[in-house]
Amino acid sequence: IIDEAHNLMDAVEGICSAQVSVSQLRLARESLMTYLQKFRNRLKGSNRMYVTQVVRVIDSLVQYATTLETDKASGGVVQPGALLAGKGVDQINLTKLVRYISESKLARKVEGYILHLKTADNKPGEQAPQPAETPTLTQIQNFLTTLMNPSKEGRFFWSKDNGALVLRYMLLDPSEH
């Protein structure tokens with residue numbers, strides 16, 4: 001049931017658009033590496049492979065964003081291929097990778113483990129850290145999903161918001177969705 005249908009196109013555009021900051025990418029990479037260090041021997045080969053693929057994709061995004069941080073401009077358009085130009089990233093099937101992140105609930109597992117580590121480091125009497133509303137890896141998963149959209153439907157942009165570099169995907173043609 002759709003109420004207030006005049007907002008439908010804006011709602012679809014908002015759902016299908018995504019953004020991720022470089023600090024989120026770095027935090028997600030650090031969290032994944034901590035998780036991988038702890039559970040390396042417990043993960044099956046395919047799970048370990050997918051987690052390392054997520055790290056490689058994040059590395060590629062960070063590598064591209066690092067080249068933009070020195071740019072004098074405050075924003076611009078990004079070619080999707082440039083985001084995934086890192087070493088070996090072109091061999092990764094993003095569809096399978098995003099499906100793995102979703103089905104394995106990797107974002108919640110990593111977030112839970114990192115929260116457990118932070119709680120264990122707390123001194124008596126300190127307030128326990130609270131989990132984020134949306135795990136960082138879930139935001140990155142949403143951004144990776146946009147990389148699979150056809151170029152005619154939307155565009156990738158970068159901008160500097162208060163000195164922090166942000167990569168955005170904006171859905172320009174929500175009619176298909």
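Taken together, the values in this text are just the output of simple stated rules run on the coordinates, not laboratory data. What you are looking at is a predicted structure, and each value in this text was computed from that prediction instead of being measured. Note that each Cβ is placed from the backbone with ideal geometry, even for glycine, and that neighbours are counted across all protein chains shown.
Ranking request for peptides 65-78, 93-106, 136-149, 21-34: highest mean number of other beta-carbon atoms within 10 Å first, then the rest in descending order. Don't jump to the answer; show the numbers that get you there.
Numbers: 65-78: 11.6, 93-106: 14.7, 136-149: 20.1, 21-34: 17.9.
Top to bottom by mean Cβ count within 10 Å: 136-149, 21-34, 93-106, 65-78.
Using θ = phi - 60° and the Karplus curve 6.51 cos²θ - 1.76 cosθ + 1.60, what whole-Hz ³J(HN,Hα) does each residue of the range 158-164 get, with Gly and Pro shown as x?
10, 8, 10, 10, 6, x, 9
Work out the charge dipole of the range 12-110 with +1 on the Cβ of Lys and Arg and -1 on the Cβ of Asp and Glu about the Cα centre, then indicate which of V20, Q63, T52 is farthest towards its positive end.
Working it through, the farthest residue towards the positive pole turns out to be T52.
Could you name the lysines in cross-link range of K118, using Cα to Cα under 28 Å and dropping any fewer than eight places away on the same chain?
The reachable lysines, counting only those whose Cα sits under 28 Å from K118, are K38, K44, K105, K109.
Using modelled backbone amide H atoms (1.01 Å from N, in-plane), which distant-in-sequence or interchain residues come within less than 5 Å of V78's amide H?
The list, which skips near neighbours in sequence, is F156, F157, W158.
What residues have an amide H closer than 5 Å to that of S17, excluding those fewer than 5 places away on the same chain, when H is modeled at 1.01 Å from N in the peptide plane?
Under 5 Å from the amide H of S17 lie the amide H atoms of L171, each far enough along the sequence or on another chain.
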